[in-house]
1. Residue by residue through the stretch 299-346, note down the ones that are within 29 Å of L394 (Cβ to Cβ), among the polar types (S, T, N, Q) and touching a Leu at 6+ places or on another chain (Cβ under 6 Å).
2. Touching a Gly at 6+ places or on another chain (Cβ under 6 Å) and either part of a loop (DSSP other than H, G, I, E, B) or surrounded by 16 or more Cβ atoms within 10 Å (Cβ to Cβ) (or both), is that true of I97?
3. Within the stretch 318-333, can you find the residues that are assigned to a strand (DSSP E or B) and within 17 Å of the chain's Cα centre (by Cα)?
4. Any idea which of A156, A138 is away from the ligand (no atom under 16 Å from the Cβ), outside any loop (DSSP other than H, G, I, E, B), without any contact (Cβ under 8 Å) to a residue 40 or more places away in the chain and not acidic (D, E)?
5. Cβ-Cβ below 9 Å, separation at least six or inter-chain, first residue in the stretch 415-438 and farther than 13 Å from I388 by Cα, second of a type in the set (K, R): which pairs?
6. Taking I276, is it within 12 Å of the ligand (Cβ to nearest atom), under 26 Å from G93 (Cα atoms) and not assigned by TED's automatic domain parsing to the domain that holds I357?
7. Looking only at the stretch 67-89, filter to residues that are crowded, with 16+ Cβ neighbours inside 10 Å and among the charged types (D, E, K, R); which one of those is nearest to the ligand (Cβ to nearest atom)?
8. Taking T502 as meeting all but one of (1) of a type in the set (S, T, Y); (2) out of contact with any strand residue (DSSP E or B) (no Cβ under 8 Å at 6 or more places or on another chain); (3) assigned to a helix (DSSP H, G or I), write down the number of the exception.
Amino acid sequence: MPTQPTHIQHIVIAGGGTAGWMAAAALAKLLGTAWRITLIESEEIGTVGVGEATIPLINIYNNALELDENLFMRETAATFKLGIEFVNWGRQGDRYIHGFGPLGPDIGLTKFHHYWLKMRALGQADDLDAYSINNAAAKANKFIRAQRDMGNSPLAEIAHAYHFDAGLYAAFLRRYAEKLGVVRLEGKISGATTRPEDGFVDAVVMEGGRRIEGDLFIDCTGFRGLLIEQALHTGYDDWSHWLPADRAWAVPCESVNPLTPYTRSTARTAGWQWRIPLQHRTGNGHVFSSKFIGEQDAADVLMQNLDGAPLADPRMLKFVTGKRKQLWNKNVVAVGLASGFMEPLESTSIHLIQNTIARLTTFFPYRKFDAADIAEFNRQSDFEFERIRDFIILHYKATERDDTAFWNYVRTMPIPDTLQHKFDLFRSNGRVFRENGELFSEISWVEVFLGQRVMPEAYHPLVDTLPEAKIADFLKSVRHTIARCVDAMPTHAEFVAQHCATD
Ligand code: FAD
């Protein structure tokens with residue numbers, strides 16, 4: 001029988017980027033002082049230095065830490081995010097928003113978008129954005145926090161996330177975690193040793209030979225995966241045949257007006273460009289596939305399409321889209337880039353960090369590492385990654401663009417069966433179903449399908465049970481109510497200045 005620790009007492013976190021410090025802060029808060037937590041990071045190696053856009057579920061993480069929102073925003077130079085604007089994705093010149101909030105209220109017997117589909121075909125419905133409080137506010141550069149006490153008003157349902165400076169966020173969480181007793185060690189890890197009897201990691205070894213022994217190791221060392229891959233050889237599922245982007249140039253620029261409450265993603269010839277407004281600068285980057293465009297040409301595309309002067313030279317990052325074969329292997333759990341990477345098109349990486357930590361707390365090992373727990377943890381993680389992967393692939397596959405080799409490739413590539421199933425259901429009757437544990441809601445799928453010009457052949461037959469005039473009146477009243485709410489909101493810049501501006 002392999003020997004295993006009788007008590008899991010010492011947690012060693014290797015790496016101190018967003019993943020390492022999010023893990024340290026959350027575990028210190030949730031576990032209290034009964035476990036020792038040590039985090040090792042190297043200033044010389046540094047962090048990946050990108051990762052600024054989030055989704056609303058980050059509020060679950062921040063609330064678990066009992067962070068004050070205004071303080072957190074000041075400390076991280078954050079702005080509010082209501083959704084993502086996609087430009088040139090379905091066709092050149094197209095523009096749509098994938099917002100975080102609800103889409104119309106449901107009337108009658110089926111979902112809002114079925115009524116919209118009917119009336120749109122009759123020329124009696126506005127753009128979809130007009131029926132979403134998040135999307136309409138984003139288009140007007142307006143923002144207010146959800147007014148939860150306002151009953152049925154759209155103002156009660158605004159959902160927001162943030163754009164923040166990832167370096168400041170990690171520093172903020174470091175201060176938080178250290179106050180709760182997390183011990184930080186500075187230095188480079190040269191490797192790890194494993195127990196001969198079962199291959200479990202027993203220590204990380206620092207340059208110079210110091211050994212840091214532990215029971216549970218959390219690998220947050222970024223793409224290199226020092227423990228999960230270099231020590232345990234876990235393996236990687238490469239998804240680059242579906243998500244062929246493998247490089248990104250990133251460059252910070254000075255802020256420009258207006259302060260937009262959304263991320264922008266603009267499709268380019270062999271990838272796409274992000275624009276993320278923070279309080280003190282605008283983050284810009286170009287994600288591209290080096291099979292379809294040269295590195296220098298990709299840098300030129302970025303530098304020729306900036307609004308705001310660059311504050312530094314562009315920096316290039318390389319990656320392989322995919323997922324570690326097991327996020328939890330023996331006594332090592334991979335979090336963050338060490339666990340895998342899907343391109344940042346829907347801002348899902350920080351969310352995956354948070355959910356992997358939450359899942360680890362659900363399956364937290366006490367006396368031993370249980371094979372059934374680990375298998376279930378990995379099964380749930382695989383499901384989560386794969387469904388996010390499908391949603392990201394959707395943006396590429398559902399395009400009419402045929403102007404470059406890149407777009408021809410992604411438009412015609414085979415896709416996972418799970419995504420094909422969603423396409424088939426939506427194309428025929430506009431139906432979408434969210435399985436338990438999937439991150440993206442039906443509304444997200446509907447907004448992206450329609451935004452990318454995937455029009456269903458039919459809407460739900462129950463729509464026809466309501467008279468057209470009644471549906472038209474209903475749509476008009478939803479649109480007017482949302483427009484009135486948006487009119488009454490402050491601008492995003494005003495709201496930030498009043499509540500959470502950096503000094
Ligand atoms: P890193 O930031 O790479 O941190 C690794 C840590 O390990 C560092 O502290 C490093 O010093 C340490 N380390 C490594 N090797 C050693 C060693 N030998 N010894 C000691 N310490 C070591 N996510 C989002 O949610 N939204 C976004 O908008 C977004 N945009 C992105 C854009 C790009 C181009 C890329 C590549 C990623 C983006 N991400 C985004 C992902 C996001 O950046 C990461 O999920 C997040 O930063 C977490 O990174 P990490 O902490 O896992 O790794």
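1. Residues satisfying the conditions are T321, S339.
2. Details: touching a Gly at 6+ places or on another chain (Cβ under 6 Å): yes; either part of a loop (DSSP other than H, G, I, E, B) or surrounded by 16 or more Cβ atoms within 10 Å (Cβ to Cβ) (or both): yes.
Yes; evaluated as a whole, the condition is true for this residue.
3. The initial filter retains those residues of the stretch 318-333 that are assigned to a strand (DSSP E or B), namely 318, 322-324, 328-329, 332-333.
Hits for the stretch 318-333 are G322, K323.
4. On the way: A138 fails: without any contact (Cβ under 8 Å) to a residue 40 or more places away in the chain.
From the options A156, A138, the qualifying one is A156.
5. I415/K397; F423/K397; L425/R431; G430/K111; R431/K111; V432/K111; V432/K422; F433/K422
6. Working: within 12 Å of the ligand (Cβ to nearest atom): yes; under 26 Å from G93 (Cα atoms): yes; not assigned by TED's automatic domain parsing to the domain that holds I357: yes.
Taking the combined requirement at face value, the residue satisfies it.
7. Residues of the stretch 67-89 that are crowded, with 16+ Cβ neighbours inside 10 Å, as a first pass: 67, 69, 72-89.
Still in the running and among the charged types (D, E, K, R): 69, 74-75, 81, 85.
Details: E69: 18, R74: 20, E75: 17, K81: 10, E85: 14 Å.
The residue in question is K81.
8. Of the numbered conditions (1) of a type in the set (S, T, Y); (2) out of contact with any strand residue (DSSP E or B) (no Cβ under 8 Å at 6 or more places or on another chain); (3) assigned to a helix (DSSP H, G or I), the odd one out for T502 is (3).
The values are calculated or read from the model by the stated rules, or taken from the named source; none is laboratory data. Treat the numbers as computed from the prediction; the structure is a model and nothing was measured. Backbone-built Cβ (ideal geometry, glycine too); neighbour counts: all protein chains shown.
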